[in-house]
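Visitor: I'd like to ask you about the structure that follows.
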Amino acid sequence: MALLDVRNLRTVFMTRQGVLPAVDGVSFRIEAGETVALVGESGCGKSVTAASILRLLPDPPGRTVGGEVMFEGVDLLALGEREMRQVRGARIGMIFQEPMTSLNPLLTIGDQITEAILEHEPVTKAAALKRAGDLIDLVRIPDASRVLREYPHRLSGGMRQRAVIAMALSCNPALLIADEPTTALDVTTQAQILELLDDLKQRLGMAILLITHDLGVVAQAAQRVVIMYAGRVVEEAGVTELFEGPLHPYTRGLLGSIPRPDREVDEHGRPPPLPEIAGLVPSLAALPPGCRFAPRCHLATPSCDLQDPPAITLPSGRRLACINADQMGSLT
């Protein structure tokens, strides 16, 4: 049994433009101890998927209207709010995109970490504070006693991100959802955060759902990749399989746009322009007929406008949502 099994998840937003399908039939699994990356352009539904799993979307305007989120054998969508509060922070930790918006500027780092511990475990405040110090040490922030007394604005961006990770780990979760954990960090700090997450995963035995648009991060940190486009999963594969042989035209476009040091250059030493995916992600209020990627796909045929293909499992074990899945699957 998978640790997390998301089945046909559907989340919509009620707006003046109508009902918008932000997450439309998304399915994927995460095994214990595994890192799975959820990848796609901004607006594809990655963060909404994470918020739907933890039931953090305000209703209205957001509402999960279908599917199942099986975690440790229990459907989270069927739990009452009181039961769900025992899952959030305890069994599933969350790292949000921007530490300064997820940390309370009026409370010290120590107060915020101990609050999470006291919410879920029957320990004294002194014991919670000691554990907070241990967590600060665990995420490699020096001088824990001083940092616990500091306010968020007094810490650097990298230290704030580590403090948020410490909060997410405060109750030893089985699953950590990391939503763009390296956004707005410099390259060196990004590498340190990714190394830290991998080290913590190995030491604590937890699984990670890594939400990102950075394929370099995916290559470094994940074992499997789920590619999303306009609210749907278009491809899923192991990291090595995906990078060596992407099948979906959208995935090929994403990988083709990555700068590579071994690219040929002209007589002036300039590399050719990077290939781009033409057009824009469609508005959820005006989705195209058939395949949602077809208007931007250079391989599209008239048949692509007739139906939006579901993600099917190929003989190789990969998942692909393309009307030409049989022909593309033969490449594996």
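Visitor: Quote the FRET efficiency, to the nearest 0.05, computed for residue 1 versus residue 285 with a Förster distance R0 of 35 Å and r equal to the Cβ-Cβ distance.
Guide: For R0 = 35 Å, the calculated efficiency reads 0.35.
Visitor: While we're on this one: If you take the alpha carbon radius of gyration of the stretch 1-81 and divide it by 2.2 N^0.38 Å, what ratio comes out, to two decimals?
Guide: Taking N as the residue count of the stretch 1-81, the ratio is 1.10.
Visitor: For the stretch 223-296, with all protein chains present and a 1.4 Å probe, just round the carbon and sulfur fraction of the accessible area to a whole percent.
Guide: Roughly 57 percent of what the probe reaches on the stretch 223-296 is carbon or sulfur.
Visitor: What is the extension gain from residue 42 to residue 274, computed as 0.36 nm multiplied by their sequence separation minus the C-alpha to C-alpha distance, in nm to one decimal?
Guide: Full-extension gain reported as 81.6 nm.
Visitor: I'd like the FRET efficiency for residue 19 and residue 258, computed as 1/(1 + (r/R0)^6) with the beta carbon distance as r and R0 of 41 Å, rounded to 0.05.
Guide: 0.70
Visitor: OK, next. If you place +1 on the Cβ of every Lys and Arg, -1 on the Cβ of every Asp and Glu, and leave all else neutral, what size is the dipole of the stretch 1-124 about its Cα centre, to the nearest 20 Debye?
Guide: 400
Visitor: Still on this structure: What FRET efficiency, computed as 1/(1 + (r/R0)^6) with R0 = 25 Å and r the Cβ-Cβ distance, is obtained for residue 204 and residue 84, rounded to the nearest 0.05?
Guide: Here the calculated transfer efficiency is 0.65.
Visitor: Where only protein heavy atoms count, and the probe is 1.4 Å, what is the accessible area per residue for the stretch 247-310 in Å²?
Guide: 65
Visitor: Return a whole-number percent for the relative contact order of the chain, with Cα pairs under 8 Å and 6 or more residues apart as the contact set.
Guide: Reported as a whole number, the value is 20 percent.
Visitor: Once you order the gyration tensor axes a ≥ b ≥ c over the Cα atoms, which shape class does the stretch 134-204 get: rounded for a/c under 1.5, otherwise prolate or oblate by comparing a/b with b/c?
Guide: Taking the square roots of the gyration eigenvalues as a ≥ b ≥ c, the stretch 134-204 is oblate.
Visitor: Sum up the charges of everything whose Cβ sits under 14 Å from the Cβ of residue 183, counting Lys and Arg as +1 and Asp and Glu as -1, but leave residue 183 out.
Guide: It works out to a net charge of -3.
The values are calculated or read from the model by the stated rules, or taken from the named source; none is laboratory data. Fair warning: this is a prediction, and the values are worked out from it, not measured in the lab. Using ideal geometry, Cβ is built from the backbone for each residue, glycine included, and neighbour counts are taken over all protein chains shown. Remember, those area values only see protein heavy atoms, side chains included, never the ligands or the DNA or RNA. Shrake-Rupley method; radii C 1.70, N 1.55, O 1.52, S 1.80 Å.
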